[in-house]
Amino acid sequence: PVALRWIDSRDGVFPHDLPTAVICEQSDPPHAAVKDLEPQSLVLIMSFSHAEDLDIVAACLLRQREHGDLPFIGLIGSETKWATFRNRLAARGFTEAELAHVTCPIGIAGITRKEPEMIAVSVAAQVLQLLEEKDRL
């Protein structure tokens, strides 16, 4: 039920056999692509780099500040990662209200398994919940 836009800074990471609803885009730096996201996009930040993740979160928060059109900004990681990011983002001038717009860790509550497959299922379920909420509005 979704169109997926996969943005990655790395060359050669996109598989060739993806469904047609998946659009792949190489962007270096990836946070530069945030300005071109469709309004009302649900954003999942899951890169290979904490520094890259931080810049993407900051770009999403700036867009949210300017346009208010990103209803969900989700970041993969632990509560410890988010505490570090919160401090760094606050130092960049983001308010507590703005930081509260980020969900970290991502996935539905109560799923504590750390295997990538378990995280993926939990995040997919969370996205489905968000879509259901959006449909009810």
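The values are calculated or read from the model by the stated rules, or taken from the named source; none is laboratory data. In this text the structure is predicted, and so the values were computed from the model without any measurement. So basically every Cβ, Gly included, is an ideal-geometry build from the backbone, and we count neighbours across all protein chains shown. Accessible surface is based on the protein model in full, side chains and every heavy atom, while ligands, DNA and RNA are left aside. Shrake-Rupley method; radii C 1.70, N 1.55, O 1.52, S 1.80 Å.
Annotations
- Among the conditions (1) over 23 Å from Val13 (Cβ atoms); (2) open to solvent by less than 90 Å² (accessible area, probe 1.4 Å), the only one that Val123 does not satisfy is (1).
- Every pair of residues 6+ apart whose Cβ atoms lie under 7 Å, when the first sits in the range 109-137 and is within 19 Å of Leu75 (Cβ to Cβ) while the second is assigned to a helix (DSSP H, G or I) and at pLDDT 95 or above: Ile111/Met118; Ile111/Ser122
- Checking each residue in the range 20-33 for being out of contact with any strand residue (DSSP E or B) (no Cβ under 8 Å at 6 or more places or on another chain) and either open to solvent by less than 50 Å² (accessible area, probe 1.4 Å) or touching a residue at least 12 places away in the same chain (Cβ under 8 Å) (or both) picks out Asp28, Pro29, His31, Ala32.
- Residue check, Thr95 open to solvent by 90 Å² or more (accessible area, probe 1.4 Å) and more than 18 Å from the chain's Cα centre (by Cα): no
- Selection of the range 110-124 for residues being under 17 Å from the mean Cα position of the chain (by Cα) and either assigned to a loop (DSSP other than H, G, I, E, B) or of a type outside the set (Gly, Ala, Ser) (or both) yields Pro116, Ile119, Val121, Val123.
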